[in-house]
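The structure that follows is given in the form of structure tokens.
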Amino acid sequence: MGTVVPYSPELFPENGENGAIVASNRQLDAGALFILKSGGSWLHCGYHLTTAIVAPALLSLPFAFALLGWVGGVLCLTVAGLVTFYSYNLLSMVLEHHAAIGKRQLRFRDMAHDILGPGWGRYFVGPFQLGICYGAVIAGTLLGGQSLKYIYLVSKPNGSMELYHFVIIFGSLTLVMAQMPSFHSLRHINLVSLFLCLAYCACTTAGAIYIGYSKNAPPRDYSITKVGVNRVFGAFNAFSIIATTYGNGIIPEIQATVAPPVTGKMFKGLLICYAVVISSFFSVAISGYWAFGNQSQGLVLSNFIVNNHPLLPKWFLVMTNVFTLVQVIAVVLVYMQPANVVIEQAFADPKKDQFSIRNVVPRLIFRSFSVGVTTTLAAMLPFFGDIMALFGALGCIPLDFILPMVFYNVTFKPSKKSLTY
């Protein structure tokens with residue numbers, strides 16, 4: 001059965017963290033009860049959304065532009081932004097509708113269960129969402145390791161440490177932070193994350209413009225080098241990268257952190273998020289592609305060093321990567337939440353306190369095991385750009401571009417002849 005929360009005051013006692021409103025133990029399993037506490041405001045919602053969408057994956061956008069060219073790149077980035085904002089708002093409207101009729105849904109698989117049927121939630125949406133979020137954790141761990149290695153090579157160009165060493169170091173940092181008890185408890189971390197993503201995007205944009213105008217500027221060619229079938233596959237690769245960059249497979253879980261009544265709060269959060277999206281995505285994509293053309297690499301920061309020779313002051317490169325490194329920790333923590341829900345549901349006891357020994361010990365063991373698995377896989381798969389394209393094709397497109405429209409049409413049943421349908 002899906003997790004359906006009756007929308008009545010007596011079932012939402014204020015006994016959570018900092019007055020967080022949580023549902024009765026009889027209504028929720030331990031995963032939803034402990035992880036998805038409903039105590040946040042629309043501002044907190046905006047912080048969570050921004051961290052989930054404006055992540056270091058956006059540093060791959062110049063590479064996507066290199067596969068599409070100027071017109072195709074700008075067009076796809078714009079259309080994807082409009083479609084995702086629209087689809088996330090539709091998803092929010094569906095969630096608000098069910099909350100208003102007394103059936104608040106807290107998870108993506110609960111929506112699929114209640115709207116499309118039990119099989120959809122259990123065998124399609126649930127596994128897809130868990131897979132894409134766990135994949136995002138793997139990719140984030142890999143990117144964190146790459147950022148650490150980048151800082152290392154700037155200070156020691158001929159250093160002997162390998163990427164997997166830095167992935168393990170980053171995984172150790174994540175292991176500590178992963179013990180944060182609930183999604184709502186990440187709100188302050190995600191506020192810092194919002195400013196960090198603006199900071200490293202500003203640094204990346206400024207760095208690309210500086211290099212483009214410097215005497216060491218690389219030769220720029222904006223032609224698409226691939227031809228024939230390779231050009232088609234390159235375009236699909238670019239579509240997947242852009243879709244993944246805008247992707248957010250945890251809209252219901254983010255809205256679940258909002259204290260009732262939920263009406264209108266997600267929309268305000270989306271406005272905050274997409275203000276950051278527009279300012280960061282377009283600035284990085286356009287400046288990076290302008291500076292490096294079709295030589296843009298999978299992560300544009302890699303273009304800032306040529307043959308172990310930095311094109312910018314070392315302190316500037318280190319600062320940019322430190323911003324990226326710290327923010328990616330927040331991104332990893334956000335995308336760990338669906339897995340944490342599953343862990344708590346399986347091993348925690350909702351009848352006991354969240355911080356009782358009975359619940360703390362299994363949480364510590366299994367979250368640590370989860371982080372260990374993601375760190376191992378990240379160390380084994382050192383190709384970030386291809387990972388992002390793969391996860392975009394398999395997960396983000398169905399969850400973010402298709403299902404919200406299906407949920408809306410099934411829930412509100414607009415006329416099949418209408419423009420809305």
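Ranking request for peptides 347-353, 58-64, 157-163, 316-322: highest mean number of other beta-carbon atoms within 10 Å first, then the rest in descending order.
The peptides rank, most packed first, as 58-64, 316-322, 347-353, 157-163.
Work out, step by step, the length gained on full extension between PHE236 and LYS351: first 0.36 nm times the residue separation, then minus their alpha carbon distance; give nm to one decimal.
Length gained between PHE236 and LYS351: 36.5 nm.
If you don't mind, there's one more thing I want to ask. Give the long-range amide H neighbours of GLY40: residues separated by 5 or more places, or on another chain, with amide H under 5 Å away, using H modelled in the peptide plane at 1.01 Å from N.
VAL258, ALA259
So for each of 247-260, 400-413, 264-277 I average, over its residues, the number of other beta carbons within 10 Å; can you give me the resulting order with the highest mean first?
Result, highest mean Cβ count within 10 Å first: 247-260, 264-277, 400-413.
Still on this model: Please identify the DSSP H helices in the chain that span no less than 18 Å along the helix axis (Cα) and have a mean Kyte-Doolittle hydropathy of 0.0 or more.
Span-like helices in the chain: 61-100, 126-155, 163-177, 187-213, 228-246, 265-292, 314-335, 357-380.
Here is a further query. Each residue of segment 250-260 in turn: what ³J(HN,Hα) in whole Hz from Karplus with 6.51, -1.76, 1.60 and θ = phi - 60°, glycine and Pro shown as x?
The phi angles translate into 10, 4, x, 5, 5, 5, 5, 7, 7, 5, x Hz.
Based on other C-beta atoms within 10 Å, arrange ARG109, ARG122, ARG367 from fewest to most.
Taking fewest neighbouring Cβ atoms as first place, the list is ARG122, ARG367, ARG109.
So for TRP315, TRP70, fewest C-beta neighbours within 10 Å to most, what's the order?
TRP315, TRP70
Further question on the same structure: Test of understanding: what is the full-extension gain from THR376 to ARG122, defined as 0.36 nm times their sequence separation minus their Cα-Cα distance?
88.7 nm
I've got another one for you. Taking other Cβ within 10 Å of each residue's Cβ, how do LYS149, LYS156 sort, fewest first?
LYS156, LYS149
Long-range amide H contacts for ARG104: which residues qualify at under 5 Å (H placed 1.01 Å from N, peptide plane, sequence gap of 5 or more or a different chain)?
Counting only residues 5 or more places away or on other chains, the set is VAL5, TYR7.
Just so you know, all these numbers are worked out from the coordinates, no wet-lab data involved. All of these numbers come straight from a predicted model, not from anything done at the bench. All Cβ positions, even for glycine, are placed from backbone atoms using ideal geometry, and neighbour counts span all protein chains on display.
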